[in-house]
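The values are calculated or read from the model by the stated rules, or taken from the named source; none is laboratory data. Small disclaimer: the values here were computed from a predicted structure and weren't measured. Positions of Cβ are backbone-derived with ideal geometry, glycine not excepted, and every protein chain shown enters the neighbour counts.
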Amino acid sequence: MTQTQKSQILSLRAEGMQYKQIAEQTGLTLASVKMFFSRQKQKHCTQCGKLLTGKVRRNQRFCSKACKTKWWNTHTDMLKNSNRPVFTCAVCGKAFQAYKIAKYCSRTCYLKAIRTAHPESGIQTQ
Ligand SMILES: [Zn+2]
Ligand SMILES: [Zn+2]
């Protein structure tokens, strides 16, 4: 199997093709396509589930920086939070920790602030 065939297989797979279709496209046998994937340590993006293609680093878990940021934003409780600065919410006055300078403790407070400043925007808070 040539390097070209290998990258062809990977890109076809990334497009969502079945092993059988990949075999037809590349002119390889189904068995060798299957073998190729069983040898590959396939990894999927932890955030969006997309197959990681190209050069995958040993501890790579995300397909993109955007996915990584998204994941960490939704798993903040898994991080050690003792060193984070504490802010006071401009809406409810609650103290909260954040990674970057923040004015509101939650999305609800953020929306409340926007609604107060721009009542015409029609944004509803839950
Ligand atoms: Zn992703
Ligand atoms: Zn708040």
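I'd like the full set of residues that are touching a Leu at 6+ places or on another chain (Cβ under 6 Å) and in a loop (DSSP other than H, G, I, E, B), limited to segment 1-44.
Selection gives LYS43 alone.
Failed condition for CYS92, given (1) modelled with pLDDT of 85 or more; (2) within 16 Å of ligand 1 (Cβ to nearest atom), with all others met?
Every condition holds for CYS92 apart from (2).
When both residues are 6+ apart or on different chains and their Cβ atoms are under 8 Å apart, which pairs have a first residue that lies in segment 98-120 and is without any contact (Cβ under 8 Å) to a residue 60 or more places away in the chain, and a second that is part of a helix (DSSP H, G or I) and among the small types (Gly, Ala, Ser)?
Final answer for the pair search is LYS103/ALA113; TYR104/ALA113; ILE114/SER121; ARG115/SER121.
Being over 26 Å from the mean Cα position of the chain (by Cα) and either within 30 Å of ALA117 (Cα to Cα) or assigned by TED's automatic domain parsing to the domain that holds ALA117 (or both) is the requirement here; does ALA90 meet it?
On the way: over 26 Å from the mean Cα position of the chain (by Cα): yes; either within 30 Å of ALA117 (Cα to Cα) or assigned by TED's automatic domain parsing to the domain that holds ALA117 (or both): yes.
Considered against the rule, which asks whether it is over 26 Å from the mean Cα position of the chain (by Cα) and either within 30 Å of ALA117 (Cα to Cα) or assigned by TED's automatic domain parsing to the domain that holds ALA117 (or both), ALA90 comes out as yes.
For segment 45-78, what are the residues that are in a helix (DSSP H, G or I) and small (Gly, Ala, Ser)?
ALA66 - this is the single residue of segment 45-78 that is in a helix (DSSP H, G or I) and small (Gly, Ala, Ser).
Please verify whether segment 97-113 includes one or more residues that are surrounded by fewer than 16 Cβ atoms within 10 Å (Cβ to Cβ), of a type outside the set (D, E, K, R), at pLDDT 90 or above and within 16 Å of ligand 2 (Cβ to nearest atom).
Yes, segment 97-113 contains at least one residue that is surrounded by fewer than 16 Cβ atoms within 10 Å (Cβ to Cβ), of a type outside the set (D, E, K, R), at pLDDT 90 or above and within 16 Å of ligand 2 (Cβ to nearest atom).
Would you please name the residue that is farthest from LYS55 (Cα to Cα), looking only at residues in segment 1-19 that are touching a helix residue (DSSP H, G or I) at 6+ places or on another chain (Cβ under 6 Å) and not β-branched (Val, Ile, Thr)? Spell out the reasoning first.
First, the residues of segment 1-19 that are touching a helix residue (DSSP H, G or I) at 6+ places or on another chain (Cβ under 6 Å): 5, 8-9, 12, 19.
Still in the running and not β-branched (Val, Ile, Thr): 5, 8, 12, 19.
Numbers: GLN5: 16, GLN8: 14, LEU12: 16, TYR19: 21 Å.
Among residues in segment 1-19 that are touching a helix residue (DSSP H, G or I) at 6+ places or on another chain (Cβ under 6 Å) and not β-branched (Val, Ile, Thr), the one farthest from LYS55 (Cα to Cα) is TYR19.
Which residue out of ALA14, ALA31 is farther than 30 Å from LYS100 by Cα, small (Gly, Ala, Ser) and touching a Ser or Thr at 6+ places or on another chain (Cβ under 6 Å)? So that I can check it myself, show each step before the final result.
On the way: ALA31 fails: touching a Ser or Thr at 6+ places or on another chain (Cβ under 6 Å).
The unique qualifying residue is ALA14.
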